[in-house]
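A.B. asks: Can you keep this structure in mind? I'll have questions shortly.
The values are calculated or read from the model by the stated rules, or taken from the named source; none is laboratory data. These figures come from a predicted structure and were not determined experimentally. Methodologically, a virtual Cβ is constructed for each residue, glycine included, from the backbone with ideal geometry; neighbour enumeration extends over all protein chains shown. With ligands, DNA and RNA removed, areas are computed over all heavy atoms of the protein, side chains included. Shrake-Rupley method; radii C 1.70, N 1.55, O 1.52, S 1.80 Å.
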Amino acid sequence: MSDHLLINVFNVDAALAVGRAKRMFAANDLEVEVMVTPNSTDQMRGLSNGSWQVVSTAFDNVLGWSGREGAELVAVAQVAQANTLPIYVRPEIKSWDDLRGKALAVDAVDTAYALVLRRVLLTHGLEMDRGDYTLIAKGTTGYRLESMTQGETFAGVLNAPWDGKAAAAGMVRIADHREVLPDYPGGVYAVSRQWAAENRALLIRFLSAWNQALGWCHDEKHHGEAIKLIADAEKLDEKAAANRLRQLPANGHLNLPGLQCVLDLRVLFKLTPVMGKNLTDYYDGDFYAGASKS
């Protein structure tokens with residue numbers, strides 16, 4: 001009988017999509033079910049209370065939620081390389097100063113891309129704590145774009161594949177995170193530390209199958225088939241599927257300098273995590289290390 005895992009994600013990474021399509025998880029006696037989250041609050045609260053076992057998320061969400069509702073949370077694998085985080089504005093916004101007094105769309109006001117947005121705005125002389133703008137929690141990227149097109153909010157981080165839809169809707173790209181945060185990392189797989197300790201073999205088996213799918217995706221002879229599998233599984237066009245494939249990391253080892261960058265950003269905005277400032281409290285690379293050897 002296969003073991004069941006529920007994975008909660010913002011977007012299904014290419015290796016997860018391919019691994020499911022080619023039954024690599026099933027070959028490892030795993031039934032992997034995927035749920036797409038509407039926002040980070042639901043996602044991380046569900047991980048904390050055991051509603052699902054693994055999440056694919058921004059590392060900042062691990063920092064923001066570990067210990068917040070009891071459960072210690074840790075990143076266990078790098079699921080994406082550093083992705084570009086474009087900032088879009090409504091067409092009437094012609095300069096950074098035009099954002100003064102405006103409402104801006106974020107997932108949640110105190111985590112992840114909201115802090116990236118705040119850091120970029122700080123470089124351009126805008127400070128939330130001074131009242132230069134307000135943040136409105138709208139949830140995932142599609143909801144942020146909807147809020148902007150309706151005129152409720154005036155700027156937001158709109159990452160792929162929504163950036164293309166934003167441009168088509170008349171939104172204007174004004175910057176991206178790389179001008180101030182060049183080391184900001186891509187997403188991670190994260191788990192409850194307690195669940196991982198109690199289910200070590202199961203977690204390693206999942207990561208091993210995912211790592212097998214990752215290697216398959218990186219094999220050039222599979223490139224065309226991988227894009228088709230991703231497009232079919234995720235209902236994406238070929239361009240978006242190819243972009244999803246490009247987002248895969250070379251391997252699942254955690255980008256520790258990038259993770260430190262995220263922690264430093266949180267401390268900068270006086271949002272030091274409940275568990276403190278020690279990065280090692282928020283990740284455990286042993287599970288992926290074991291999986292990559294199996």
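A.B. asks: Would you pick out the residues in the stretch 171-188 that are touching a Gly at 6+ places or on another chain (Cβ under 8 Å) and buried (at least 24 other Cβ atoms within 10 Å of the Cβ)?
C.D. replies: 184, 185
A.B. asks: What about residue 117, is it buried (at least 18 other Cβ atoms within 10 Å of the Cβ) and farther than 26 Å from residue 42 by Cβ?
C.D. replies: No; evaluated as a whole, the condition is false for this residue.
A.B. asks: Would you mind listing the helices (runs of 4 or more DSSP H) fully within the stretch 13-79 where at least 3 residues are in contact with a Lys or Arg (Cβ under 9 Å, 6 or more places away or on another chain) and crowded, with 17+ Cβ neighbours inside 10 Å?
C.D. replies: Helices (runs of 4 or more DSSP H) meeting the threshold: 59-65.
A.B. asks: Here is a further query. If you go through the stretch 242-294, how many residues are in a helix (DSSP H, G or I), open to solvent by 60 Å² or more (accessible area, probe 1.4 Å) and small (Gly, Ala, Ser)?
C.D. replies: 0
A.B. asks: Given the stretch 112-172, what helices (runs of 4 or more DSSP H) lie entirely inside it while holding 1 or more residues that are free of Cβ contacts under 8 Å to residues at least 40 places away in the same chain and within 17 Å of residue 96 (Cα to Cα)?
C.D. replies: 113-123
A.B. asks: How many of the residues in the stretch 217-241 are in contact (Cβ under 8 Å) with a residue 12 or more places away in the chain, small (Gly, Ala, Ser) and either farther than 29 Å from residue 290 by Cα or touching a Pro at 6+ places or on another chain (Cβ under 6 Å) (or both)?
C.D. replies: Matching residues across the stretch 217-241 total 2.
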